[in-house]
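Q: Just dropping this structure here.
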Amino acid sequence: MNAAAPLLNLAPLLDVQHLCKSFRKPDGDQLVVLENVNLTLRPGEIVGLLGRSGSGKSTLLRQIAGLDQPSAGVVNYLGRAVTGPAHGIAMVFQSFALFPWLTVLENVQLGLEAQGVPAPEMRKRSLQAIDLIGLDGFESAYPRELSGGMRQRVGFARALVVHPSILLMDEPFSALDILTAETLRSDFLDLWGEGQLPIKAVLLVTHNIEEAVQMCDRLLIFSSNPGRVASEIPIDVPHPRHAEDPRFRALIERVYVEMTSRPRSAAGGGARNERFAGTGIGTTLQHVSSNVLQGLLEAVSEPPYDGKADLPVIAEEGRLEVDDLFPAAEALQMLRFAEVEGGDIRLTEAGLQFARGDTDERKKLFARHLITYVPLAAHIRRVLDERASHTAPKSRFFDELEDYMAEDAAEQTLRTIISWGRYAEVFAYDDSRQAFSLENPA
Ligand code: ADP
Ligand code: MG
């Protein structure tokens, strides 16, 4: 919380009420991405929005910034509905499209040009923003002369130069290497804590749990399909926060528990909202390779876990990328190789058997579970069995999936099923012909 805080009795800067957003799919149906999202942002707070990839976080930020219109509900900024690009709300993206032919100073000034600020004033404020964010001396440099971390600082300066009340940050550190991200995060927190940033509140979107607990005053846990705020966790550990602090660890654990708990069945939400439901062929599959699945099964089956482990502990152990961990745990649950609840993963009998098996036994077991529990795999296999040629173009399945999900989700789902199907030798896939076949399978 910054120097001006806590001012929680103040009216909210931002008040999002009952926001819904749907997109029209190619077949004319609606894809519901956000459903009844409610949140507020008050002066002096950094609020984190933590959710999976594809849950609608970026879509929500676009509605808040007024770059797009909600299908229903309202975004109130300073008590008035946002109906177009909102002055006073600025955005920091995962990476910025800096203009390569403009200097750092000129790139930062772009943020102000739209506002018609006089040239001398524009220059003065841009230089201030550049200094503030630690790029003093680089104002005449070109983007190609800067490291990735410095380029991201230019992006921060471009957002800060307009002196926004609210800074929306969309995974701003996720494209940086770990050390650079850490430095930029702590520089940002220092400036915030000293009250030096020309902003009143921050909404930080991230899928990095440590980052969220490190930076935020409270966290909103975002669920997927459709996206909505599932729960809220206050973070009351004083700054500077240290990852070794037991209170910090306990909060991380709690966030994991929230993120893996099955949602209370909301009125009308029902099965659609259920996190680990493996259902019809329209279930989106997160991209997890068969290698990552094997890695997680092995890690959990071995001592000291012997079949049951804490997801945060596995994450810390570093054998798997944190970003892979949830999708992998979810996939194992769908395949009935594991149960995931309350931040724990527990292998089923089949999961243990897989971990103990040799290559051949593993493939057979995986194939059986794939066909039994993942309807899309069974569907593809059935189509191939029935056709005289035993082949089918990818587009055949792509078109079907598009009835249920957006184009990129369909692409990702097919990529995943191809990886699993190939591993289990349930079907083959020819990349150059973009076609499934039964060529390799025994
Ligand atoms: P996140 O930022 O949480 O990863 P996004 O907000 O980018 O998620 O996307 C959420 C879902 O909305 C995805 O399935 C995506 O394909 C869909 N989506 C986003 N924008 C559009 C659009 N303009 N048209 C159709 N679908 C979209
Ligand atoms: Mg996003």
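The values are calculated or read from the model by the stated rules, or taken from the named source; none is laboratory data. Keep in mind the model is a prediction, meaning the values are calculated, not measured. Protein only, heavy atoms only, side chains kept; ligands, DNA and RNA dropped before computing areas. Shrake-Rupley method; radii C 1.70, N 1.55, O 1.52, S 1.80 Å.
Q: Under a 1.4 Å probe, what is the accessible area of the stretch 63-121 per residue, stated in Å²?
A: That works out to 52 Å² per residue.
Q: Hey, got the Cα dimensions of the stretch 290-437 along the principal axes, in Å, largest first?
A: Computed over the stretch 290-437, the largest-to-smallest principal extents equal 50, 33, 24 Å.
Q: In Å, what Kirkwood hydrodynamic radius results for the stretch 5-259 from the alpha-carbon pair distances?
A: 19.0 Å
Q: While we're looking at this one, here's another question. Going out from 0 in 20 Å bins, what whole percent of all Cα-Cα distances in the chain drops into each bin?
A: P(r) over the chain, rounded to whole percents: 23, 51, 25, 2.
Q: A further question follows. Which cross-chain or sequence-distant (5 or more) residues have an amide H under 5 Å from the amide H of GLY88, H modelled 1.01 Å from N in plane?
A: SER165
Q: Could you tell me what percent of the accessible area of the chain is made up of carbon and sulfur, with a 1.4 Å probe and every protein chain present?
A: On the chain, the fraction of accessible area on carbon and sulfur atoms equals 50 percent.
Q: Now, a different point. Taking θ as phi - 60°, what are the ³J(HN,Hα) couplings along the stretch 203-214 by the Karplus curve (6.51, -1.76, 1.60), each to the nearest whole Hz, with x for Gly and Pro?
A: Computed from phi, the couplings for the stretch 203-214 are 10, 10, 8, 7, 10, 9, 5, 4, 4, 5, 5, 4 Hz.
Q: Under a 1.4 Å probe, what is the accessible area of the stretch 290-437 per residue, stated in Å²?
A: That works out to 45 Å² per residue.
Q: For the stretch 134-218, what is the convex hull (Cα atoms) projected area averaged across all directions, in square nanometres?
A: That works out to 5.8 nm², a quarter of the Cα hull's surface.
Q: Sticking with this one: What is the count of Lys pairs in the chain whose alpha carbons sit under 29 Å apart, if the two are 8 or more places apart or on different chains?
A: 10
Q: Using Cα centres only, tell me the gap between the stretch 34-70 and the stretch 343-402 in whole Å.
A: Result: 36 Å between the Cα centres.
Q: Moving on to the next point. For every helix of n ≥ 4 consecutive DSSP H residues, a contribution of -39,500 (n - 2.57) applies; sum these over the chain, divide by its total residues, and give [θ] at 222 nm rounded to the nearest 500 deg cm²/dmol.
A: -12500 deg cm²/dmol
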